[in-house]
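The values are calculated or read from the model by the stated rules, or taken from the named source; none is laboratory data. Computed from a predicted structure; not experimentally measured. With ideal geometry, Cβ positions are generated from the backbone for all residues, glycine too; neighbour counts draw on all protein chains shown.
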Amino acid sequence: MKRKARYALAGLETFSKNCIAAEQHPNDIHLFTPIGCPVCGIVPLELTIEHHSGSEEGNFKGMIFARCQTCKSEERVFCFTGEHRHPVREEKPICECGNTYFLIAECERIERDEGLPGFFDEGVITGLCSRCGRSRAFVYTD
Ligand SMILES: [Zn+2]
Ligand SMILES: [Zn+2]
């Protein structure tokens, strides 16, 4: 990974943890996972967010696909849905600067139960614009 990308990811980690108020849950575990291309590693990706029936603000249901800026391959990177749900609408995130490529990450809170890792509590999928460096939250999961 290039040094610039590593520096950007450190900022995205702080942003992501703030999104799910990590500092208010000091006893829980917060997992930050950058999402990359299986071939190219951590590079900017273009997202397609497919919202499924029952998807809500704060509780996303659906699938997320990502296209690699380098090799152009598209992969499904997240699946939060079930067989009883159906696609409702698609969203292609664009930064305020007009760019569609972001460094992507997932941040999850795992509740710690008497010192042992327990249940998934909530999470967020975030991105950092590869052109202007703005961070944003795409969807929250619960
Ligand atoms: Zn690639
Ligand atoms: Zn931007």
Note: among 88, 77, just one is more than 13 Å from ligand 1 (Cβ to nearest atom) and either within 16 Å of the chain's Cα centre (by Cα) or in a strand (DSSP E or B) (or both), namely 88
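What residue, of 128, 103, is more than 16 Å from ligand 1 (Cβ to nearest atom), in contact (Cβ under 8 Å) with a residue 40 or more places away in the chain and not in a loop (DSSP other than H, G, I, E, B)?
The unique qualifying residue is 128.
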Can you spot a residue in region 48-59 that is closer than 19 Å to residue 102 by Cβ and polar (S, T, N, Q)?
-> yes
Answer yes if at least one residue in region 1-19 is within 16 Å of ligand 1 (Cβ to nearest atom), touching a Gly at 6+ places or on another chain (Cβ under 8 Å) and more than 15 Å from residue 139 (Cβ to Cβ), and no otherwise.
-> yes
Only unsatisfied item for residue 16, checking (1) in contact with a Lys or Arg (Cβ under 7 Å, 6 or more places away or on another chain); (2) outside any loop (DSSP other than H, G, I, E, B), is (1)
Of the residues in region 60-74, those that are in a loop (DSSP other than H, G, I, E, B), in contact with a strand residue (DSSP E or B) (Cβ under 8 Å, 6 or more places away or on another chain), within 16 Å of ligand 1 (Cβ to nearest atom) and without any contact (Cβ under 8 Å) to a residue 40 or more places away in the chain come to 70, 71, 73
Answer yes if at least one residue in region 25-46 is over 24 Å from residue 131 (Cβ atoms), over 14 Å from the mean Cα position of the chain (by Cα) and part of a strand (DSSP E or B), and no otherwise.
-> yes
Among (1) closer than 30 Å to residue 113 by Cα; (2) buried (at least 19 other Cβ atoms within 10 Å of the Cβ) - the single one residue 64 does not satisfy = (1)
Taking only pairs six or more apart or across chains, which ones have beta-carbon atoms under 8 Å, a first residue in region 34-59 that is at pLDDT 95 or above, and a second residue that is within 16 Å of ligand 2 (Cβ to nearest atom) and among the basic types (Lys, Arg)?
-> 46/92; 47/92; 48/92; 49/92
